[in-house]
Amino acid sequence: MSSPAAEAHLPELNAILPATRASLWEVFLEFLIIGATSFGGVVPYLRSNLVTKRKWLDDKEFVEMLSISQSLPGLNATNMAVQVGEKLCGFAGSVAAVIGICLPGGVLMYFVGIFYRIHGDHPWSTAALKGVTAAAVGLILWTVLDLSKRALAHSWDLIFVVATAVAVEGFHWSVPRALLIMGAIAILFHAPRKSQKNEAKP
């Protein structure tokens, strides 16, 4: 049996230790499945598997991790794998998630690259690529619309979304520049006002 002194320190230990809600094998297998089935874009599959299916994340956590992943160098998928794996199983979870999500695509793309080098100019190959591209755009669009219903806290957030898109596409800003500037403006907009602080005081 644990002593009263040890039980008193449990909250502190829980705050330090990572929240393990899955085994390393489950983390590896889930990201392996995502890596093997995410045709045309990984974001919809990440949300479907991690939020809807496994419930390892809620929509708020997913959007926050996705924002961090897009703001840092590297692929969104691997950045997300690092964050989710660490949340579930610490450092070992990050390693398992990254290996799982990269392994299927790496092996498959090796053979696809050989096939494309030999048959890339074939009409059927061109038609298949166009079809996959259209499906990928549809998947990403549906994910954006579905997440926006839960993630956008205010109608003004739509203006920030449009302004960011215009800055990148219309004015040819780099993505980091657009995220830093528009993110800073959005943070200032959502910052608690003095009146709100006064209302929150008892």
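Return the pair list, or none, for Cβ contacts closer than 8 Å from residues in region 25-36 that are touching a residue at least 12 places away in the same chain (Cβ under 8 Å) to residues that are basic (Lys, Arg), at least 6 apart or on different chains.
Pairs that qualify, where the first residue is touching a residue at least 12 places away in the same chain (Cβ under 8 Å) and the partner is basic (Lys, Arg), are GLU30/ARG54.
State whether the residues of region 72-86 include one that is surrounded by fewer than 20 Cβ atoms within 10 Å (Cβ to Cβ), modelled with pLDDT under 90 and in contact with a helix residue (DSSP H, G or I) (Cβ under 7 Å, 6 or more places away or on another chain).
Yes, because at least one residue in region 72-86 is surrounded by fewer than 20 Cβ atoms within 10 Å (Cβ to Cβ), modelled with pLDDT under 90 and in contact with a helix residue (DSSP H, G or I) (Cβ under 7 Å, 6 or more places away or on another chain).
Taking THR133, is it β-branched (Val, Ile, Thr), surrounded by 15 or more Cβ atoms within 10 Å (Cβ to Cβ) and in contact (Cβ under 8 Å) with a residue 60 or more places away in the chain?
no
Tell me, please, whether a residue that is modelled with pLDDT of 80 or more, over 27 Å from THR52 (Cα atoms), among the polar types (S, T, N, Q) and in a helix (DSSP H, G or I) can be found in region 186-201.
No, that holds for no residue.
Which residue, of LEU147, LEU139, is modelled with pLDDT under 80, part of a helix (DSSP H, G or I) and within 17 Å of SER71 (Cβ to Cβ)?
So the residue among LEU147, LEU139 that is modelled with pLDDT under 80, part of a helix (DSSP H, G or I) and within 17 Å of SER71 (Cβ to Cβ) is LEU147.
Does any residue in region 154-167 that is within 17 Å of ALA191 (Cα to Cα) come within less than 8 Å, Cβ to Cβ, of a residue that is modelled with pLDDT of 85 or more and surrounded by 12 or more Cβ atoms within 10 Å (Cβ to Cβ) six or more places away or on a different chain, and which pairs are these?
From region 154-167, the pairs are PHE160/MET182; PHE160/ILE185.
Go through region 100-123 and give me each residue that's part of a helix (DSSP H, G or I) and either among the hydroxyl-bearing types (Ser, Thr, Tyr) or at pLDDT below 75 (or both).
TYR110, TYR116, HIS119
Given the structure, is LEU152 surrounded by fewer than 13 Cβ atoms within 10 Å (Cβ to Cβ), among the aliphatic types (A, V, I, L, M) and under 20 Å from LYS60 (Cβ atoms)? Reasoning before the result, please.
Details: surrounded by fewer than 13 Cβ atoms within 10 Å (Cβ to Cβ): no; among the aliphatic types (A, V, I, L, M): yes; under 20 Å from LYS60 (Cβ atoms): yes.
So LEU152 fails the test.
Scan region 163-175 for residues that are part of a helix (DSSP H, G or I) and exposed (fewer than 11 other Cβ atoms within 10 Å of the Cβ) and jot them down. Quick ask: steps written out before the conclusion?
Here is the first cut: in region 163-175, the ones part of a helix (DSSP H, G or I) are 163-169, 175.
Within region 163-175, GLU169 is the sole residue that qualifies.
Give region 47-81 a look and list any residue that's more than 19 Å from ASP146 (Cα to Cα) and of a type in the set (Val, Ile, Thr), or say none.
ILE68, THR78
Tell me yes or no: at least one residue of region 59-69 is hydroxyl-bearing (Ser, Thr, Tyr) and out of contact with any Cys (no Cβ under 9 Å at 6 or more places or on another chain).
Scanning region 59-69, I find at least one residue that is hydroxyl-bearing (Ser, Thr, Tyr) and out of contact with any Cys (no Cβ under 9 Å at 6 or more places or on another chain), so the answer is yes.
From ALA77, ALA128, ALA97, ALA92, which residue is more than 25 Å from the chain's Cα centre (by Cα) and assigned to a helix (DSSP H, G or I)?
ALA128
Return yes or no: is VAL95 in contact with a Gly (Cβ under 9 Å, 6 or more places away or on another chain), without any contact (Cβ under 8 Å) to a residue 60 or more places away in the chain and of a type outside the set (Phe, Trp, Tyr)?
Details: in contact with a Gly (Cβ under 9 Å, 6 or more places away or on another chain): yes; without any contact (Cβ under 8 Å) to a residue 60 or more places away in the chain: yes; of a type outside the set (Phe, Trp, Tyr): yes.
Yes: the conditions hold for VAL95.
The values are calculated or read from the model by the stated rules, or taken from the named source; none is laboratory data. In this text the structure is predicted, and so the values were computed from the model without any measurement. Neighbour counts are summed over all protein chains in view; Cβ atoms, including those assigned to glycine, are modelled from backbone coordinates with ideal geometry.
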